[in-house]
Amino acid sequence: MSKVEPEVYMINSGYDGCCYVRLHLPCIYNGYKTDKPSLREDKINTKDVKHFLDRADVVVFHRAEEQTYHDLAKMLKANGKKIVMDNDDTFKIEGFHPLAQFMPDGTPQENLQRRERNLNEFMEMCDLVTTSTETLAEEYREHNDNVVVLPNYIDPDDWDEPMRNEGDKVRIGIVGSVSVEYDYLHIKPLLKKLSERNDVELVLFGLQDKKTRKKNPMVSKVFKAEYAFWDSLNKEQFPWVKRYDYNERLNEAKLDLMLIPRRDNYFNRCKSNVKFLEAAMCEIPVIAQSFDNGPYEELEQYKTGVKIRDNSTIINELETKLEDKKLKSTKKKELKKLIEVEQKKVTDKWEEEVDKLINDKKLRREIGKNAREYTIKNYNIEDHYQKWDNAYSSLFKTI
Amino acid sequence: MKIELKNNKLVEILTNRGELFKQINKINEKTKALEKDRTKLGYKMNKLKEKTKAIMDKQDFGLKEFEIVTRVYAEKGKAYYEVENMVEMYKEQIREDIKAKKKK
């Protein structure tokens, strides 16, 4: 029996986010055709698309939330093609979350429920669904029995030699979505303190700069509180960049330490470890929040990173109890006190670990180097690209 | 139902066809594999083009008005770039068009 090697065609939803790791890297290493063959490509050659769609045995759609994708997929399926959807985010977002209204780049979410419904319907017609984490796979299995986890990988070729901060101050960064997804709230006092320290340079890599904000007042309104907080800090800011500039810019930021304070919630349990992988490629040690099924559980304490156990579940339980209107005022006071204690516990732990790394350059360097070695050893796309071929071949009977 | 057709000429033709079919299939497989390899190389070429662009975008070439960088290349371990004046290029194009018209 020999393995069937189907021709695969991949349809992107853009390269300014996860499409790069989800589609572009597998394309490069497996030789699949795609509608966007390079990061800077902004024009699609429709003749090529038609030609390669005709030839393809398997057509992969990334995050097929629009009706046009549905129509195309139905037509292709009727012509005998196998349909696959890939996605690496959940659309089950709590209402308070800014992403429920806007994407980090300011694109309106429009109707989140409609998009989620479309995705679910699309998955139901698929022959295979692929995703990055087991938590997401479980979510998608409600809509398709054939879900395969294909983790996110990195291409070492995309990364230059890690750049070093030669200055006297320790550069501490918060990068990307962490700065807009309410993940940093519990370390706000710490961020404030860091911004005031003489031996630290706080770096924010994310959010829009003031000029861009003015162009989009609706987004500014939604992120008003966050902008106000970040604006009040003494910091250096690298605004959002295009995907093709991201790796270089992250390296140029010359961070000595990256903070990933994601709290334990469903959205974050769906997250992959890609932020850690990117930091690791620049030899930036990370301090990350730890919780069951969290994205950073694989970090080995003080070897490849630093983990701080999250206590959101306890705080949430206490807050739920507090909502009980029948509670006596003494009990309420008691609960409030307990919440404060728990909140302080995690904030203090963050301060402790950050301080430890600020004061220990040798440890920072060791963790950074180990993290890069670990990432190249375990997450190099060159060693794992066959997983895509295996998943697609499984859709065909062996001959 | 399988029935034998006694015709030696037909046996020879069909056997030859079978052989050719196998050979064509082998070539098809090789072509497919080569095309896949070419696609992979194409992607890698795109990546290198993007890396080149990232470096070139950061350079200050001190270009004068109407000047552009038309080529960047490596030669004997050194990198070079070529600058052209767009106005001169346009003039040259017009000259060639006039020449071509005169010939007609």
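The values are calculated or read from the model by the stated rules, or taken from the named source; none is laboratory data. Here the structure is a predicted model, which means the values were calculated and not measured. Note that each Cβ is placed from the backbone with ideal geometry, even for glycine, and that neighbours are counted across all protein chains shown.
Observations
- Filtered residues of the stretch A:352-369 (kept if in contact with a helix residue (DSSP H, G or I) (Cβ under 8 Å, 6 or more places away or on another chain) and loosely packed, with under 15 Cβ neighbours inside 10 Å): A:LYS356, A:LEU363
- Of the candidates A:LYS397, A:LYS337, the single residue that is loosely packed, with under 14 Cβ neighbours inside 10 Å and touching a residue at least 60 places away in the same chain (Cβ under 8 Å) is A:LYS397.
- Count of the stretch A:14-37 residues which are in a loop (DSSP other than H, G, I, E, B) and either within 16 Å of A:MET85 (Cα to Cα) or touching a residue at least 40 places away in the same chain (Cβ under 8 Å) (or both): 7
- Filter result for the condition that a residue is surrounded by 10 or more Cβ atoms within 10 Å (Cβ to Cβ), closer than 25 Å to A:GLU252 by Cβ and of a type in the set (Val, Ile, Thr), over B:VAL87, B:VAL72, B:VAL83: B:VAL72
- Residue in the stretch A:189-196 that is within 23 Å of A:TRP350 (Cα to Cα), small (Gly, Ala, Ser), in a helix (DSSP H, G or I) and in contact with a helix residue (DSSP H, G or I) (Cβ under 9 Å, 6 or more places away or on another chain) present: yes
- Looking only at the stretch A:38-56, and only at residues there that are in a helix (DSSP H, G or I) and away from chain B (no Cβ under 13 Å), the one that is modelled with the lowest pLDDT: A:THR46
- Of residues in the stretch A:153-170 being in a loop (DSSP other than H, G, I, E, B) and crowded, with 19+ Cβ neighbours inside 10 Å, the one nearest to the chain's Cα centre (by Cα): A:TYR153
- Here B:PHE66 fulfils each of the conditions (1) out of contact with any Phe, Trp or Tyr (no Cβ under 7 Å at 6 or more places or on another chain); (2) surrounded by 11 or more Cβ atoms within 10 Å (Cβ to Cβ); (3) under 29 Å from A:CYS27 (Cα atoms) apart from (3).
- Subset of the stretch A:213-241 that is without any contact (Cβ under 8 Å) to a residue 60 or more places away in the chain and among the hydrophobic types (A, V, I, L, M, F, W, C) - its residue that is surrounded by the fewest Cβ atoms within 10 Å (Cβ to Cβ): A:ALA228
- Matching residues in the stretch B:48-62 - criterion: being assigned to a helix (DSSP H, G or I) and more than 7 Å from chain A (Cβ to nearest Cβ): B:LEU48, B:LYS49, B:LYS51, B:THR52, B:LYS53, B:ILE55, B:MET56, B:ASP57, B:LYS58
- Meeting the requirement of 1 or more residues that are hydrophobic (A, V, I, L, M, F, W, C) and modelled with pLDDT under 95, the helices (runs of 4 or more DSSP H) wholly within the stretch A:323-391 are A:329-358.
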